[in-house]
1. So which lysines pass the test for Lys257, namely a Cα distance under 26 Å, with those fewer than 8 places away in the same chain ruled out?
2. In the stretch 199-298, which chymotrypsin sites (Phe, Trp or Tyr not before Pro) fall in coil by DSSP and have 15 or fewer other Cβ atoms within 10 Å?
3. Pull up the DSSP beta bridges for the chain and report the antiparallel fraction as a percent, rounded to 5.
4. Within a Cβ distance under 14 Å of Glu20, other residues only, what is the Lys/Arg minus Asp/Glu net charge?
5. Excluding Gly217 itself, what net charge comes from residues whose Cβ is under 11 Å from its Cβ, given Lys and Arg +1 and Asp and Glu -1?
6. How high is the relative contact order of the chain, given as a whole-number percent (alpha carbon pairs under 8 Å, six or more residues apart)?
7. Near Leu343, within a Cβ-to-Cβ distance under 13 Å, what is the net charge of the other residues, with Lys and Arg +1 and Asp and Glu -1?
8. Which distance in nm do the two modelled labels at Gln263 and Thr2 give, with both placed 7 Å along the Cα-to-Cβ direction?
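Where a number appears in this text, it was derived from the coordinates with a stated rule and is not lab data. Just so we're clear, the structure is a prediction, and the values are computed from it rather than from any experiment. Positions of Cβ are backbone-derived with ideal geometry, glycine not excepted, and every protein chain shown enters the neighbour counts.
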Amino acid sequence: MTEEIPFLDLKSTYQELKNELDAAYKRVLLSGWYILGSEVEAFEKEFAVYCGVNHCIGVGNGLEALSLILHAYGIGKNDEVIVPANTYIASWLAVSHNGAIPVPVEPDEHTYNINPSLLERAITPKTKAIMAVHLYGQTADMDPINALAAKYHLKVIEDAAQAHGALYKGRKAGSLGHAAGFSFYPGKNLGAFGDGGAVLTNDTHLAELVRKLRNYGSGTKYYNDIIGFNSRLDELQAAFLRVKLSRLDEWNERRRKIAVHYQGRLRQTSLILPLVPEWAEPVWHLYVVRSENRGLLQHRLFAAGIHTIIHYPVPSHLQKAYASTQMTDGSLPLTETIQSEVLSLPIGPHLSPSDHERIIETLCGILA
Ligand SMILES: *Cc1c(COP(=O)(O)O)cnc(C)c1O
């Protein structure tokens with residue numbers, strides 16, 4: 001029996017950090033304080049510094065981070081928000097939850113991120129914001145996006161859920177627009193041991209609003225200034241995230257080494273490999289290749305004990321949830337082609353060199 005190689009090995013994150021995580025867990029449980037306390041406050045400061053941004057507000061998850069930003073900007077009914085066609089559906093859901101309309105724009109064929117040259121024609125008098133997603137851990141091309149946003153007075157919201165630590169021209173994801181939403185879902189580069197998220201911004205007014213919105217609209221306990229929500233990062237997750245944040249750069253570097261190795265060894269195959277523009281320093285949340293025979297490739301890898309995932313098998317506009325948009329097959333052809341060909345290979349801080357070698361050898365064997 002060959003050993004299975006999982007897509008992502010999360011158990012090893014605990015094993016490597018066991019002493020520190022156990023200490024964090026005991027510290028919080030013994031403190032008797034579990035919601036909005038010193039751990040969340042400390043994590044917010046540390047993550048804001050890490051991203052080079054003035055404010056960080058811990059919230060319940062990545063979807064709510066994005067949704068709260070839109071809400072705080074007063075974006076809602078009859079407004080339009082430009083979103084990438086090629087993204088995880090959460091980017092769209094945040095817009096829909098506020099009653100606004102997600103307006104999809106096709107990606108760049110090589111980077112898979114939103115194509116800035118297609119943006120202007122998608123802007124209408126109803127457009128209020130552009131949601132830029134840093135897909136797979138590589139930032140979108142932010143300069144042209146920000147320039148257009150300035151021209152039309154639009155907000156730029158980063159969906160940085162896959163891009164903790166990624167750089168654009170030397171600047172961190174999360175600091176590249178008016179506000180950013182992060183997710184700390186366990187599988188993300190900075191992952192908690194449960195759900196979590198954060199809003200990052202230099203906009204002090206927005207930060208104050210989101211801080212209230214996450215906590216029943218309240219700044220002072222039992223005094224409610226606005227109609228708020230309950231969306232809070234909890235003390236336990238914040239304590240775990242502080243431990244994980246101290247390893248983020250090191251663990252991103254491990255991912256980068258794996259990606260570089262994939263790039264070198266898979267170059268001779270028929271696979272389309274990720275393209276990294278010179279201004280990007282991705283953190284390789286996912287290592288995504290493209291193949292016209294994606295289904296067969298995935299099947300044969302699985303038969304060899306190698307687990308892969310498709311990100312994402314059905315584009316948002318073709319999901320049942322968005323049937324009301326009446327977009328059908330062929331409405332966003334590039335996104336549809338990309339999503340019919342992509343396959344994410346195992347990558348992560350705990351993928352061993354021998355497993356990595358086995359994946360490459362198996363792939364080369366299949367594709368020979
Ligand atoms: C994970 C993810 C989200 C949502 O984050 P959750 O914490 O799971 O709500 C949003 N956008 C993108 C691109 C993601 O990958």
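1. Here the lysines satisfying the reach criterion relative to Lys257 are Lys11, Lys18, Lys169, Lys172, Lys188, Lys244.
2. Numbers: sites: Tyr216, Tyr222, Tyr223, Phe229, Phe240, Trp251, Tyr262, Trp279, Trp284, Tyr287; in loops: Tyr216, Tyr222, Phe229, Trp279, Trp284.
For chymotrypsin sites (Phe, Trp or Tyr not before Pro) across the stretch 199-298 that sit outside H, G, I, E and B with at most 15 neighbouring Cβ atoms in 10 Å, the list reads Tyr222, Trp279.
3. Working: 25 of 42 bridges.
Antiparallel bridges: around 60 percent, rounded to the nearest 5.
4. On the way: positive: Lys18, Lys26, Arg27, Arg242, Lys244, Arg247; negative: Glu16, Asp22, Glu39, Glu250.
My count for the surroundings of Glu20 gives +2.
5. Numbers: positive: Arg211, Lys212, Arg214; negative: Asp225.
Combined, the nearby Lys, Arg, Asp and Glu give +2.
6. Numbers: 760 pairs, mean separation 79.5, N = 368.
In percent, rounded to a whole number, it is 22.
7. Numbers: positive: Arg290, Arg294, Arg300; negative: Glu292, Glu341.
Once positives and negatives cancel, what remains is +1.
8. 2.7 nm
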